[in-house]
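Undergrad: Input: one structure, supplied below.
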């Protein structure tokens, strides 16, 4: 009987198939807001909490102005939500110190997305394209390094 499993041939190749990054199946990424330079109006508790949630997801420094007038610029790495603004806090690494700082939501008068968004303009598709360009050029041990934050 022609076409049976016994008649099938196995094809092997010593070279991997070439993949065109433009033809790869790509899942759309998460759309990030353009927050760099934004100074949200913190009219009430809801606006404050929403802005701090965006600041937590932001990949750059923010500047927090406390109600006493002092300012802290740094990267928010954690936030803790409690039952009230006093029980809720953001934690950040200040730009000019190695000490972690915790600031209760209730002490925040203003917020500014002051630092450069380190992931702005980056995409998975761009990374894949660079990878395949290097691979098709015959490079080995390919690693695409992040650009300097300086």
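Undergrad: Can you name the residue in the range 85-122 that is under 19 Å from residue 46 (Cβ atoms) and assigned to a loop (DSSP other than H, G, I, E, B) and is also modelled with the lowest pLDDT among such residues?
TA: 113
Undergrad: On to the next question. Out of 139, 133, 125, I need the residue that is over 24 Å from residue 46 (Cα atoms), assigned to a loop (DSSP other than H, G, I, E, B) and either modelled with pLDDT under 90 or touching a helix residue (DSSP H, G or I) at 6+ places or on another chain (Cβ under 8 Å) (or both). Which one?
TA: Sole residue among the options that is over 24 Å from residue 46 (Cα atoms), assigned to a loop (DSSP other than H, G, I, E, B) and either modelled with pLDDT under 90 or touching a helix residue (DSSP H, G or I) at 6+ places or on another chain (Cβ under 8 Å) (or both): 139.
Undergrad: Step by step: first the residues of the range 38-80, then only those that are part of a loop (DSSP other than H, G, I, E, B) and over 21 Å from the mean Cα position of the chain (by Cα), then the one that is surrounded by the most Cβ atoms within 10 Å (Cβ to Cβ). Which residue is that?
TA: 42
The values are calculated or read from the model by the stated rules, or taken from the named source; none is laboratory data. Given the structure is predicted, the values throughout are model-derived calculations rather than measurements. Note: ideal-geometry Cβ built from the backbone for every residue, glycine included; neighbour counts use all protein chains shown.
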